[in-house]
Amino acid sequence: SVMRDIMGIDILERQLQKRMGIRKVIVVPGDSDQSPWVKSELGQATAHSMKNLLKSKNIIAVTGGSTMAAVAEMLTPDFGEKDLLFVPARGGIGEDVKNQANTICAIMADNTNSRHRVFYVPDQVSTEVYKSFIKEPLIYEVWNLVKSASMVLHGIGDAIIMAERRNTSQEDLHKILEGKAVGEAFGYYFNEAGEIVHKVLTIGLQMDDLKNVGDVIAVAGGASKAKAIRAI
Ligand code: F6P
């Protein structure tokens, strides 16, 4: 649009695309830390991108957080003309109910007249619990769906804010601080060089699985997330 031209957004998008080596960058004007409506704009832009990428059959894995909740608000019944199944990307990971992937998937399905599945597994499980959980048929079934996702939608957070928002143990908090983590996505904490310094053990999509996913859409905004976005 003319407005985007005047603001130089198209140029900025192309520069970022090249610098970060990613397929497509969409910039939304404003700072969502300062103006809450910018988060809705992020939701709107995401919905628009999603729509262009949908195939006839889609399994869409979604993470939690308030940004993903804003995306859910922007999905409309016409999306449901395609076959959509929403699944949480990973188990709980300690969010408020309204910001949990399970809740967000339910809203996304509701708004698009589509289906969703839930992943009722606790966040931050122990290794023993993890091993026995994945043997549960119902959990195993959803886990397989998640692993065959055609699209992933995920949020990005500041590492320390996320560690505090979840009930992170003192030991893990120490690891996150010691590793100088700046960003978080999917339960993985990254330092400024983009290296993983800590990983929350939970069931669902792992970082390695992403390379099998056709379309990965990361959505984040706010000046406070700049370092986090760059790290991821
Ligand atoms: O906990 C789920 C999650 O997607 C995190 O991986 C991410 O850091 C965070 O939520 C983003 O939350 P918000 O959109 O509220 O900043």
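The values are calculated or read from the model by the stated rules, or taken from the named source; none is laboratory data. Values in this document were obtained by computation on a predicted structure and should not be read as measured data. Methodologically, a virtual Cβ is constructed for each residue, glycine included, from the backbone with ideal geometry; neighbour enumeration extends over all protein chains shown. SASA here: full protein model, heavy atoms, side chains in, ligands and nucleic acids out. Shrake-Rupley method; radii C 1.70, N 1.55, O 1.52, S 1.80 Å.
Assorted remarks:
- Fully extending the segment from residue 135 to residue 4, taken as 0.36 nm per residue of separation minus the present Cα-Cα distance, adds 42.1 nm.
- Distance histogram in 10 Å bins (all Cα pairs of the chain, percent per bin): 8, 32, 38, 19, 3, 0
- Amide N proximity, the stretch 132-163 versus residue 126 label position 7 Å along Cα-to-Cβ, cut-off under 16 Å: 132-134
- For the stretch 46-107, applying the loop criterion from DSSP together with a ceiling of 16 other beta carbons within 10 Å to the trypsin sites (Lys or Arg not before Pro) yields 55, 82.
- Ignoring aspartates and glutamates fewer than eight residues from residue 18 along the same chain, the ones with Cα atoms less than 17 angstrom from its Cα are 10.
- For the stretch 71-199, the solvent-accessible area with a 1.4 angstrom probe is 49 square angstrom per residue.
- The stretch between residue 48 and residue 115, if pulled fully straight at 0.36 nm per residue, gains 22.1 nm over its current Cα-Cα span.
- Euclidean distance between Cα centres, the stretch 142-197 to the stretch 55-130, Å: 18
- For a straight C-alpha distance cut-off of 16 angstrom, the aspartates and glutamates reachable from residue 98 (same-chain residues fewer than eight places away being disregarded) are 73, 110, 123.
- The stretch 183-231 - percent of accessible surface contributed by carbon and sulfur, probe 1.4 Å: 50
- Most fluctuating residue given options 182, 121, 129, as computed from a GNM of the chain linking Cα atoms under 10 Å: 129
- Average Cα contact separation per residue, the chain, under 8 Å, 6 or more apart, as relative contact order %: 20
- Solvent-free Debye calculation, one equal scatterer per alpha-carbon of the stretch 105-178: log10 I(q)/I(0) at 0.15 Å⁻¹ equals -0.78.
- Annotation note: GluC sites (Glu not before Pro) in the stretch 157-206 located in DSSP loop regions with a Cβ neighbour count of at most 16 within 10 Å are 192, 195.
- The loop-placed chymotrypsin sites (Phe, Trp or Tyr not before Pro) in the stretch 51-141, going by DSSP, that have at most 16 neighbouring Cβ atoms within 10 Å of their Cβ come out as 120.
- When +1 charges are put on Lys and Arg Cβ atoms and -1 charges on Asp and Glu Cβ atoms, the dipole computed for the stretch 1-46 relative to its Cα centre reaches about 320 debye.
- Modelled label positions at residue 206 and residue 193, each set 7 Å beyond Cα in the direction of Cβ, lie 2.3 nm from each other.
- Computed over the stretch 34-136: relative contact order in percent, which uses C-alpha pairs under 8 Å that are six or more apart: 26
- Comparing 84, 54, 138 in a Gaussian network model of the chain (Cα springs below 10 Å), the most mobile by mean-square fluctuation is 138.
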